[in-house]
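K.L.:
My questions will all concern the structure given below.
The values are calculated or read from the model by the stated rules, or taken from the named source; none is laboratory data. All of these numbers come straight from a predicted model, not from anything done at the bench. Here the Cβ is made from the backbone with ideal geometry for all residues, glycine too, and neighbour counts use every protein chain on show.
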Ligand SMILES: Nc1ncnc2c1ncn2[C@@H]1O[C@H](COP(=O)(O)OP(=O)(O)OP(=O)(O)O)[C@@H](O)[C@H]1O
Ligand SMILES: [Mg+2]
């Protein structure tokens with residue numbers, strides 16, 4: 001007989017699926033007769049560092065403002081951590097930190113005064129506010145500037161102060177509208193490092209940009225929108241596959257290129273062969289072949305291969321292909 005104690009071991013209920021950080025359902029927004037956002041279905045998971053990419057006028061700011069509860073959708077809906085952005089707007093506001101693309105700063109205010117003011121707006125009790133302000137300043141690397149006037153900060157520092165401001169109430173989700181625009185390369189890298197640190201702390205971050213390559217090492221997932229429509233959502237590197245651009249190789253042979261080009265053109269897996277600046281450019285069908293085919297074709301045909309390297313198709317080129325340069 002089996003041990004009766006074992007028969008009553010309570011089974012653990014399966015964990016419910018996690019609530020996504022952001023989910024939009026057929027979200028649309030029109031301004032007059034102009035459709036700025038059309039039936040957007042977007043999911044951002046918790047702890048994602050999510051790139052939201054599109055050219056000027058694509059609808060990035062419109063989407064972020066809806067998620068931040070500053071703009072109402074014309075139709076469809078959006079949820080932030082399970083809360084509806086229209087119905088539960090107050091609750092959503094406490095869960096998010098929204099950094100707009102342009103924000104005024106009070107130039108004659110001191111850095112700590114400014115952050116203390118926003119802390120008070122979020123009803124952080126006075127006795128813990130000072131520590132909270134110092135904590136967020138440390139997070140964004142502005143501790144040394146705590147007594148400085150905002151007007152005396154560089155652009156990069158002001159952007160970091162803007163980030164400190166949206167962190168003051170310890171929100172779970174950050175909505176950052178082009179936080180790196182106008183920053184020099186060093187300030188951009190610093191900003192990206194801060195965002196990675198925030199992701200490690202468990203925050204979900206949506207960052208908009210019109211530069212896909214800027215986000216390729218930073219973000220784990222991204223969406224691309226164009227004319228208010230979603231055209232891609234998934235891992236950043238997945239964008240490349242979406243274009244079916246083929247793989248491009250550059251080849252150099254000893255002697256005459258013409259014979260090598262002739263050899264390569266006999267292979268059906270090779271989409272295109274052309275001569276460019278003394279080298280041979282070969283475009284391969286991604287699913288059918290790899291570099292070995294190019295080498296084998298040339299060597300078997302008696303050509304002497306000097307160089308064969310894959311040309312990384314720049315992400316910006318991929319982006320341009322995906323969006324076809326359509327802006328409005
Ligand atoms: N208040 C408004 N009234 C009328 N049209 C608007 C308004 N705000 C935005 N639009 C239009 O909606 C479209 C989307 O604008 P949005 O600001 O969301 O784009 P974006 O992707 O943030 O662009 P950018 O990269 O230039 O910041 C644009 O065509 C814009 O002209
Ligand atoms: Mg914008």
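K.L.:
Can you report the number of residues in the range 19-44 which are more than 16 Å from ligand 2 (Cβ to nearest atom), assigned to a strand (DSSP E or B) and without any contact (Cβ under 8 Å) to a residue 24 or more places away in the chain?
P.N.:
0
K.L.:
Sort out which residues of the range 146-164 are touching a residue at least 24 places away in the same chain (Cβ under 8 Å) and over 29 Å from the mean Cα position of the chain (by Cα), and write them in order of number.
P.N.:
The answer is 146, 147, 148, 149, 151.
K.L.:
Can you confirm whether the range 45-61 contains a residue that is in a helix (DSSP H, G or I), more than 16 Å from ligand 2 (Cβ to nearest atom) and modelled with pLDDT of 95 or more?
P.N.:
No, the range 45-61 contains no residue that is in a helix (DSSP H, G or I), more than 16 Å from ligand 2 (Cβ to nearest atom) and modelled with pLDDT of 95 or more.
K.L.:
Within the range 85-112, count every residue that is outside any helix (DSSP H, G or I) and under 23 Å from the mean Cα position of the chain (by Cα).
P.N.:
Summing the residues that are outside any helix (DSSP H, G or I) and under 23 Å from the mean Cα position of the chain (by Cα) in the range 85-112 gives 9.
K.L.:
Can you find a residue in the range 87-97 that is in the same structural domain as residue 233 (by TED's automatic domain parsing) and within 16 Å of ligand 1 (Cβ to nearest atom)?
P.N.:
No: zero hits.
K.L.:
Quick check on residue 261: is it surrounded by 13 or more Cβ atoms within 10 Å (Cβ to Cβ) and touching a residue at least 24 places away in the same chain (Cβ under 8 Å)?
P.N.:
Taking the combined requirement at face value, the residue does not satisfy it.
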